[in-house]
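Heads up: the structure comes next, in structure tokens.
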Amino acid sequence: MVKNRQAADHGIRELGFAAPAGTPAGVEVMSVEQLRSRIGRSHQDRPLRPTFHHLLTLVRGTLWHTVDFTGYALVPGMWLWVRPGQVQQWGDLHEVDGTLILFESDFLDRATAAGAHLNDAHAPVVYEPDDADHQRLTSAAEHLSHAFAGPGKLPLDVRQTVLRHLLAVLVLRLSHLSALPGSSTPEPSDTFLRFRDAVERDFARTRRLEDYANALGYSARTLSRATQAAAGVNAKDFIDRRTILEAKRLLAHSDHTAAQIAARLGFTSATNFSKYFHQRVGSTPIAFRASIRGTSVTGFLAKP
């Protein structure tokens with residue numbers, strides 16, 4: 001069950017997780033129809049930043065959905081995985097059907113969490129399995145859904161164990177899908193992965209490329225070459241993109257002032273933060289916040 005707390009001034013919905021009555025804590029399986037009745041048409045396009053995972057797959061229709069301000073067109077056969085901390089906006093749910101699985105990160109055991117890369121902030125949002133993988137994922141999701149809806153005479157603790165194992169099968173299969181046919185994306189280098197993890201950990205502390213180079217034992221040029229090869233941007237732009245993403249998340253979903261956001265992101269003043277944001281986004285933080293809260297999901301869709 002999703003707990004909604006709505007702020008009076010801006011209608012921002014903060015989502016935490018609570019298990020439905022009589023079910024194991026940490027997981028819930030529902031249909032899109034149930035989701036529609038729960039959130040309502042008037043609230044579904046507002047920015048949300050849940051503290052738990054969303055897995056969604058459709059059996060009918062096309063859903064336009066944004067995750068971290070990038071739009072996706074979800075159709076049957078595809079899977080959407082929204083992770084804790086990401087900002088999402090639902091599209092129109094009234095022309096689609098499917099299954100939504102909600103779960104908290106600590107519901108799964110540590111080995112599964114590690115094997116499924118639950119804490120990977122750079123994991124894909126959308127997965128497109130081939131026919132064989134699609135059948136495997138569908139079967140895993142159906143087993144999980146049936147076990148959640150019809151526990152039989154199992155005690156609650158045993159039912160929780162069953163659901164944990166069935167969910168583990170699903171997320172492990174999903175996170176280890178083979179590359180799509182024709183994909184030529186190279187594996188990222190160890191240099192880039194170390195840099196990426198360091199940025200994820202420290203972007204609010206420093207935006208200086210030299211600091212990362214010194215901490216990791218590489219030259220700034222080496223980091224930029226590795227980042228250009230893996231992400232298509234130089235290392236400094238990669239740091240800035242991560243900073244801007246967090247700024248957008250906070251602007252979209254929180255009531256923090258520019259000064260508060262500036263402090264959280266390591267800026268010396270609101271003025272410096274606003275200038276930095278405007279140079280990279282093309283709008284002021286206030287204008288960006290107003291546009292996100294006043295525009296439906298379809299206004300932010302990226303072209304396929």
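Every number in this text was worked out from the coordinates using simple rules, so none of it is lab data. Since the model is a prediction, treat every value here as computed from it, not as a measurement. Quick reminder, even Gly has a Cβ in these numbers, built from the backbone with ideal geometry, and neighbours come from all protein chains shown.
Things worth noting here:
- Segment 189-273, Rg to Rh (Cα coordinates; Rh as Kirkwood inverse mean 1/r): 1.02
- Normalising the average separation of contacting C-alpha pairs (under 8 angstrom, six or more residues apart) by the number of residues puts the relative contact order of the chain at 18 percent.
- The ranking of Thr57, Thr268 from fewest to most other beta carbons within 10 Å of each one's beta carbon is Thr268, Thr57.
- Relative to the longest principal axis of the Cα atoms of the chain, the long axis of helix 190-202 lies at roughly 90 degrees.
- Summary of packing: across the peptides 193-200, 278-285, the per-residue average of other C-beta atoms within 10 Å ranks them, highest first, as 193-200, 278-285.
- For the pair Gln228 and Gln135, a Förster radius of 35 Å applied to the C-beta separation gives a FRET efficiency near 0.35, rounded to the nearest 0.05.
- Fully extended contour minus Cα-Cα distance, from Ala290 to Ala204, at 0.36 nm per residue: 28.6 nm
- In nm, spacing of pseudo-spin labels at Asp120 and Asp255 (7 Å Cα→C-beta vector): 3.8 nm
- Applying both filters, DSSP loop and at most 11 other Cβ atoms within 10 Å, to the trypsin sites (Lys or Arg not before Pro) of segment 26-96 gives Arg41.
- Calculated on the alpha-carbon coordinates, the convex hull of the chain measures out at 143 cubic angstrom per residue.
- Between the Cα long axis of helix 220-231 and the first principal axis of the chain there is an angle of about 30°, rounded to the nearest 10.
- Computed from phi, the 3J(HN,Hα) profile of segment 117-131 under the Karplus parametrisation 6.51, -1.76, 1.60 (θ = phi - 60°) reads 6, 4, 9, 7, 5, 10, 5, x, 8, 10, 10, 10, x, 6, 4 Hz, with x in place of Gly and Pro.
- Helix 156-175 and the longest principal axis of the Cα set of the chain meet at an angle near 50°.
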